[in-house]
Amino acid sequence: MFFGEDGKVDALKTPDILRSLKFTPTIKAVNRMTGCEKKITLEEFLPIYAQLSEDKDVGTYADFMEAMLVFDEESNGTIIAAELRHLLLSPGEKMKEDEVGEIIKLCSNEDTEGNTKYEDFIKKVLEGPFPNENND
C-alpha cells in the first residue's frame, strides 16, 4: 500500500501512484495538483484521481501516428532512429538520456540504415511497461 500508517503518502510518490493506475500526468501537472505539500492524505489524493479520470487530453494512437508523419521524410513508415531519440529528449518534460535509451531499446527495432518503424514503436509504448498484465 502506498499510504503509511499515518494515512499519508510522500507527495513525490504521487506521479508513481498515478502511473500505476494507468494515468500519464506530467510532473508539473502533479505538482500543481498537490501544491507544496510534503505529504498528502487519501482524501487529498482522491480529487487528483477524479480530475485525471475526467481529463481526456491524452494522446491516442492516431494522434501519435499523425505526429510522426511530419518526420517520415520518405513516406515509408520510418523515422531516423537518431531523430526519434532527439524527439524524446527535447520537448515537454525532459527525460534522462538513460531513460530514453531504455525506451528505444525496448520499443524500437533500428534497421541497418538507422531507421525505425514508428508504428511498431508507438504500439509498444502505448502498451506500457507490462503489456500482458491485463490479460488474465
Every pair of residues 6+ apart whose Cβ atoms lie under 9 Å, when the first sits in region 1-17 and is under 12 Å from Lys38 (Cβ atoms) while the second is modelled with pLDDT of 85 or more and among the aromatic types (Phe, Trp, Tyr): Val9/Phe45; Thr14/Phe45
Selected residue (only one of Glu74, Glu43, Glu93 is over 19 Å from the mean Cα position of the chain (by Cα) and either assigned to a loop (DSSP other than H, G, I, E, B) or buried (at least 16 other Cβ atoms within 10 Å of the Cβ) (or both)): Glu74
Residue identified as surrounded by 11 or more Cβ atoms within 10 Å (Cβ to Cβ), among the basic types (Lys, Arg) and within 14 Å of the chain's Cα centre (by Cα) among Arg85, Arg19: Arg19
Qualifying positions in region 62-71 - under 16 Å from Val125 (Cα atoms) and either over 19 Å from the mean Cα position of the chain (by Cα) or aromatic (Phe, Trp, Tyr) (or both): Phe64
Some residue of region 99-112 being over 14 Å from the mean Cα position of the chain (by Cα), of a type outside the set (Phe, Trp, Tyr) and part of a strand (DSSP E or B): yes
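The values are calculated or read from the model by the stated rules, or taken from the named source; none is laboratory data. Because the structure is predicted, anything quoted here is derived from the model rather than measured. Please note: Cβ atoms are built from the backbone with ideal geometry, for glycine as well, and neighbour counts cover all protein chains shown.
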